[in-house]
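Undergrad: Before I ask anything, here is the structure I am working with.
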Amino acid sequence: MSERVLALWLPDWAVLTAAEDAEISLEAPVALTARGEVFAANAVARALGVRRGLRIREAQERSAEAVFLPYREDVDHRRFEPLIRILEGIVPSIQQVRPGLCLVPGRGPARYYGSEAAAAQALTAALREAGVVPAGSAVRIGAADGVFAAQQAAYRAVPVPVPVPVPVPSPAPIADAILVIPPGQSARFLAPMPVTTLGEPELARVLARLGVRRLGELAALPAASVRDRFGAAGEQAHRIAAGEDPRRVRPRIPPAELAVEREFDPPLERADQAAFGFRASADRFLAGLAEHALVVSAVRIEIIGDRGGRSARSWLHPRHLDAGDVVDRVRWQLQGSGAIEAALSEPVALIRVIPETLAAMSTQEPGLWGGGPDTRVHNGLTRLQGMVGHDGVLTARIGAGREPRERQSLVPWGERDPRTDPAGPWPGSLPGAPPQTVLAEPLPVRVIDAAGESVSITDRDVLSAPPHRLVIPPLPRIAPAGVDSTVRAWAGPWPVITGTTAERVDRFQLVDERGHGWLVRRDHTEWWAEARYD
């Protein structure tokens, strides 16, 4: 049986708060942009055709008067934090899905207030009384069996019109709404919705080709057949469509006063002294977390100097930090690129450590037979990192960017790539499997035709002649003797616009006599090799 869930949703939260901060009228079309696309738009902008996912230029063509603001995720989360704190004062278990949408287990509030509708009214009234709901916004609350059905109920909650005896000033206040789906009725409520509502595009496409276009049709299929055909993802989608959502509300851990700080009087002038002096505070920090049955995998370290200088940085860990790990990161931040015995640029007056990512201690318990090889690898790399420094142990990650060499990223052990999301979107990036060997810098090569002339490209992406021969100078460890080979097969060109100057290049894939594939590109004058497919 699915858990009863209350979903609280504030439509257009990100756009309305950004417009409020920018002092823009509620009647103006406003859209937020991220990565060159529309991230969100208010109702006025949507009425003009501005939709999420549109390129900015296309959105501007649809609405020349729309105001486009950059989306700032950190500001969005900070603006939503006061609402979460108010709700946590009423109900103890809140899961924030994203700014503007959160979940509450329904059983406890319903028993306390008498019903789910009464609990929803209490939550709405508390937010309104606190004045934290942005102007022009509404509070929508849905109650149903399971997380998915409750969210869909919140999205479809419609306020009941109430006659107003006097004229309403402009802009008219937006009424809140509550929609309660009775227990056992979630499957019927979800049945007419399209399978795309699940948010699984690949699964939705396959189901559509099989003639299954509604959640009710998916729920009617035999569970065993769906599991055999689509695996775990299909099984979960089938259970959600049938009103048997297996997911539970995962309450966030309130940010208790778990931070620790240590003042130094007199201030310390060496990194090793400050790190050693903070050791007792690190032990106290971890002991405080243990009292709450918590572990921490990300901390923020703030260092304040005697003359007012300030250094702040977030540090991550692949599992969870112990006291020694905290001290190491304090030392690394103090030390920078200098030696541990070297004097600091400014004496240290205060060190503060703030937990950022917390998890229940039970989720980090080792298995019955220990952690196995992963634990030994982790412990070994951590010890090595403690000896040679934070940047002395690097791990390979998939980086962010469209160029093959930008996708190669080395980051310190336990850290994430500080750059943007590797998943993109990265227009012009290579589709499919990436090349295995990427050159540090493009290498000039020759691509010649059967007559011995260099192959060129016209403005209409037409080759002067098919590539016949590929000549590459010697490459250490890759092709020591160089390459002078007949081209057995080729594909391209694929035009790519690069750089701030909007320079155009054309990419090709060439296969030589030995069966090696080469990624080459042609700019306005020369051919360049970028990578090799082994």
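The values are calculated or read from the model by the stated rules, or taken from the named source; none is laboratory data. If you're wondering where the values come from, they're calculated on a predicted model, not measured in any experiment. Every residue, glycine as well, gets a Cβ built from its backbone with ideal geometry; the counts of neighbours run over all protein chains shown. Each accessible area value is taken on the protein alone, full model and side chains, heavy atoms only, with ligands, DNA and RNA left out. Shrake-Rupley method; radii C 1.70, N 1.55, O 1.52, S 1.80 Å.
Undergrad: Can you confirm whether Pro255 is modelled with pLDDT under 90, in a loop (DSSP other than H, G, I, E, B) and surrounded by fewer than 14 Cβ atoms within 10 Å (Cβ to Cβ)?
TA: Working: modelled with pLDDT under 90: yes; in a loop (DSSP other than H, G, I, E, B): yes; surrounded by fewer than 14 Cβ atoms within 10 Å (Cβ to Cβ): no.
Criteria not met by Pro255.
Undergrad: For a quick check of your reading: which strands (runs of 3 or more DSSP E) sit entirely within the stretch 446-534 and have at least 1 residues that are in contact (Cβ under 8 Å) with a residue 40 or more places away in the chain?
TA: On the way: elements: 469-472, 483-486, 489-498, 503-511, 517-522, 527-533.
Answer list for the stretch 446-534: 469-472, 489-498, 503-511, 517-522, 527-533.
Undergrad: Okay, moving on. Only one of Gly305, Gly277, Gly216 is farther than 30 Å from Ser93 by Cα, in contact with an Asp or Glu (Cβ under 8 Å, 6 or more places away or on another chain) and open to solvent by less than 50 Å² (accessible area, probe 1.4 Å). Can you tell me which?
TA: Gly305
Undergrad: The conditions are (1) open to solvent by less than 60 Å² (accessible area, probe 1.4 Å); (2) in contact with a helix residue (DSSP H, G or I) (Cβ under 7 Å, 6 or more places away or on another chain); (3) closer than 19 Å to Asp325 by Cα; (4) modelled with pLDDT of 90 or more, and Gly243 fails exactly one of them. Which is it?
TA: (3)
Undergrad: Among Asp322, Asp306, which is of a type in the set (Asp, Glu), within 26 Å of Ala287 (Cα to Cα) and modelled with pLDDT of 80 or more?
TA: Result of the check over Asp322, Asp306: Asp322.
Undergrad: Shifting gears a bit: Kindly provide the set of residues from the stretch 264-310 that are among the charged types (D, E, K, R), in contact (Cβ under 8 Å) with a residue 24 or more places away in the chain and in a helix (DSSP H, G or I), ordered by number.
TA: Within the stretch 264-310, Asp272, Arg279, Asp283, Arg284 qualify.
Undergrad: Looking at the stretch 275-286, which of its residues are at pLDDT 90 or above and of a type in the set (Gly, Ala, Ser)?
TA: Residues satisfying the conditions are Gly277, Ala280, Ser281, Ala282.
Undergrad: Continuing with the same structure: Under the condition of being touching a helix residue (DSSP H, G or I) at 6+ places or on another chain (Cβ under 9 Å) and either among the hydrophobic types (A, V, I, L, M, F, W, C) or surrounded by fewer than 18 Cβ atoms within 10 Å (Cβ to Cβ) (or both), which residue from the stretch 74-88 is farthest from Gln151 (Cα to Cα)?
TA: Val75
Undergrad: Can you tell which of Val330, Val377, Val348, Val353 is at pLDDT 75 or above, aliphatic (A, V, I, L, M) and part of a helix (DSSP H, G or I)?
TA: From the options Val330, Val377, Val348, Val353, the qualifying one is Val330.
Undergrad: Can you confirm whether Arg239 is outside any strand (DSSP E or B) and farther than 21 Å from Ala149 by Cβ? Outline the logic, then answer.
TA: Working: outside any strand (DSSP E or B): yes; farther than 21 Å from Ala149 by Cβ: no.
Here the answer is no, as Arg239 does not meet what is asked.
Undergrad: Answer with yes or no whether Ala271 is modelled with pLDDT under 90 and either touching a Phe, Trp or Tyr at 6+ places or on another chain (Cβ under 6 Å) or open to solvent by less than 80 Å² (accessible area, probe 1.4 Å) (or both).
TA: Here the answer is yes, as Ala271 does meet what is asked.
Undergrad: Output yes when any residue across the stretch 49-65 is touching a residue at least 12 places away in the same chain (Cβ under 8 Å), β-branched (Val, Ile, Thr), touching a strand residue (DSSP E or B) at 6+ places or on another chain (Cβ under 9 Å) and assigned to a strand (DSSP E or B), and no when none is.
TA: No, the stretch 49-65 has no match at all.
Undergrad: Still on this structure: Would you call Asp523 on the phi < 0 side of the Ramachandran plot, at pLDDT below 85, of a type in the set (Asp, Glu) and open to solvent by less than 40 Å² (accessible area, probe 1.4 Å)?
TA: Values: on the phi < 0 side of the Ramachandran plot: yes; at pLDDT below 85: yes; of a type in the set (Asp, Glu): yes; open to solvent by less than 40 Å² (accessible area, probe 1.4 Å): yes.
The answer is yes for Asp523.
Undergrad: Restricting attention to the stretch 15-39, which residues are within 23 Å of the chain's Cα centre (by Cα) and either open to solvent by 20 Å² or more (accessible area, probe 1.4 Å) or not small (Gly, Ala, Ser) (or both)?
TA: Matches in the stretch 15-39: Val15, Leu16, Thr17, Ala18, Leu32, Thr33, Ala34, Arg35, Gly36, Glu37, Val38, Phe39.
Undergrad: Follow-up question, since we're still on this one. So which residues in the stretch 89-107 are out of contact with any strand residue (DSSP E or B) (no Cβ under 7 Å at 6 or more places or on another chain) and either surrounded by 15 or more Cβ atoms within 10 Å (Cβ to Cβ) or farther than 24 Å from Gly146 by Cα (or both)? Working first, answer last.
TA: Going through the stretch 89-107, the residues out of contact with any strand residue (DSSP E or B) (no Cβ under 7 Å at 6 or more places or on another chain) turn out to be 89-90, 92, 98-99.
Result: Ile90, Pro99.
Undergrad: For residues that are modelled with pLDDT under 90 and part of a strand (DSSP E or B), tally how many sit in the stretch 17-36.
TA: 1
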